[in-house]
Amino acid sequence: MAGDPQQLGPVLRSSYSITYGLQVSYLERIMNTALYARNEKEYGQFGGYNPMLITMLEESYRSHPDILRFPSDMFYFSQVICCFPSGTSNKLSNWDELPTKGFPIIFHGVKGEEFREENS
C-alpha cells in the first residue's frame with residue numbers, strides 16, 4: 001500500500017458510508033494502530049517509524065523552503081527538508097510584482113463559486 005495519510009482524505013456524501021466509518025481512509029485507520037504508531041525511542045534514526053513497515057519522504061525537490069516549512073513542521077515532525085536547488089528557489093524572490101521581496105508567495109483571491117459538475 002502506498003500513500004500519505006496527511007494528504008486529502010475521502011469525501012463522502014453517502015450517509016451509509018459515514019455510518020460505517022468510511023470518512024476515514026483505510027490507510028489512516030491502519031496508521032492509528034499500535035503496529036504503525038510513531039515510536040521515536042525505538043526508531044528515532046528512521047523518523048520514528050519502523051523502517052520495515054513505513055518509508056517516509058524526507059527530501060523534497062519540488063518546493064521553496066519557505067513553502068515547505070509549514071507542512072514539514074505541522075504534519076511531518078519537521079523531518080521533510082528542502083533540497084530545491086538554491087539558484088532556482090530564489091530565482092523569483094525579487095520579482096517586481098511580489099508584495100514582499102525575498103518571500104516568493106502570493107495569496108491571490110479568486111471570485112467565483114464552488115460547484116461540482118455532473119460528470120465529475
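Here the Karplus curve 6.51 cos²θ - 1.76 cosθ + 1.60, taken at θ = phi - 60°, turns the phi angles of segment 60-65 into couplings of 10, 10, 10, 10, 5, x Hz, with x standing for Gly and Pro. Diffusion coefficient (Stokes-Einstein, Kirkwood radius over C-alpha pairs, 25 °C, 0.890 mPa s) for the chain: 136 µm²/s, rounded to a whole number.
Using a cutoff of 8 angstrom between alpha carbon atoms and counting only pairs six or more residues apart, the relative contact order for segment 57-109 works out to 32 percent.
Determine the calculated [θ] at 222 nm for the chain from helices alone, applying -39500 (n - 2.57) to every DSSP H run no shorter than 4 residues and normalising by the residue count; nearest 500 deg cm²/dmol.
Using -39500 (n - 2.57) per qualifying helix, the result is -5500 deg cm²/dmol.
Taking the Cα centre of segment 57-109 as origin and charging only Cβ (+1 Lys, Arg; -1 Asp, Glu), how large is the dipole, in debye to the nearest 20? Charge dipole, segment 57-109, about its Cα centre: 60 debye, nearest 20. Here residue 111 is the anchor, and the lysines within straight C-alpha reach of less than 30 Å, apart from those fewer than 8 places off in the same chain, are 91, 101. Here segment 81-120 and segment 11-34 have alpha carbon centers that stand 32 Å from each other.
Look at 108, 64 and count the other Cβ atoms within 10 Å of each Cβ; fewest to most, that gives 108, 64. The modelled label-to-label distance for the pair residue 42/residue 17, using points 7 Å beyond Cα in the direction of Cβ, is 3.4 nm.
Work through the residues other than residue 83 whose Cβ is under 15 Å from its Cβ and net out their charges, Lys, Arg +1 and Asp, Glu -1.
-1
Shown here for segment 18-117: chymotrypsin sites (Phe, Trp or Tyr not before Pro) in loop regions (DSSP other than H, G, I, E, B) with at most 15 other Cβ atoms within 10 Å, namely 20, 61, 77, 95, 107, 115.
Fully extending the segment from residue 107 to residue 58 would add 15.0 nm, taking 0.36 nm per residue of separation and subtracting the current Cα-Cα distance.
Read-outs throughout are calculated quantities, based only on the coordinates presented, and are distinct from any laboratory measurement. Predicted model, so just to flag it, every value in this text is computed and none were measured. All Cβ positions, glycine included, derive from the backbone under ideal geometry; neighbour counts span all protein chains shown.
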